Every structure is written in structure tokens, then in C-alpha cells.
Amino acid sequence: MKPNEIRAALLMKGIRLVDIANKLKVSRSAVSSIISGKYKSARIQEEIAGAIGKSVEEIWPDIAA
């Protein structure tokens with residue numbers, strides 16, 4: 001998925017980046033960096049994937065942590 005598709009999927013579920021960040025005790029920019037593919041974090045990727053009901057591999061097929 002492209003970053004804008006991931007963000008849209010989260011918004012459609014009513015989940016903001018700050019919600020994920022607060023839950024995982026990381027910064028909103030860390031979550032954003034994972035979505036954009038700049039960095040990898042299995043923990044953050046798994047949380048995002050679970051939030052939108054997809055697997056990490058479906059969202060980030062080339063960079064799954």
C-alpha cells in the first residue's frame with residue numbers, strides 16, 4: 001500500500017496517527033516515518049496493520065520488518 005492509502009484506511013477506521021503513537025508510547029512522527037517507509041519497526045507496523053485489518057506483508061510487501 002502507498003502511504004496515503006494507509007493513512008486513508010486509518011482515518012476510515014477513525015484512528016489517528018497520534019492514537020497509535022500514544023498507545024505504543026512513541027512519537028507521532030515515528031508512526032508517520034513507518035507509514036512512509038523511511039524506517040522499519042515490527043511493533044509499529046503490526047499495530048498499524050492490526051488497526052486496518054491487514055497483514056504487515058500486505059501493507060509493506062518489500063520492507064516488512
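In region 52-63, which residues are in contact with a helix residue (DSSP H, G or I) (Cβ under 6 Å, 6 or more places away or on another chain) and either open to solvent by 70 Å² or more (accessible area, probe 1.4 Å) or touching a residue at least 24 places away in the same chain (Cβ under 8 Å) (or both)?
Scanning region 52-63 gives ILE52, ILE59.
Could you tell me how many of the residues in region 14-46 are more than 17 Å from GLU57 (Cα to Cα), exposed (fewer than 12 other Cβ atoms within 10 Å of the Cβ) and either at pLDDT below 95 or basic (Lys, Arg) (or both)?
1
Residue pairs, Cβ under 9 Å, 6 or more apart or interchain, first in region 9-33 and closer than 16 Å to LYS54 by Cβ, second open to solvent by 40 Å² or more (accessible area, probe 1.4 Å) and modelled with pLDDT under 95. List them.
Pairs found: ALA9/MET1.
The values are calculated or read from the model by the stated rules, or taken from the named source; none is laboratory data. Since this is a predicted model, take the numbers as computed values, not measurements. Glycine gets a Cβ as well: all are built from the backbone with ideal geometry, and neighbour counts include every protein chain shown. To get the accessible areas, we keep the full protein, side chains included, count just its heavy atoms, and leave off ligands, DNA and RNA. Shrake-Rupley method; radii C 1.70, N 1.55, O 1.52, S 1.80 Å.
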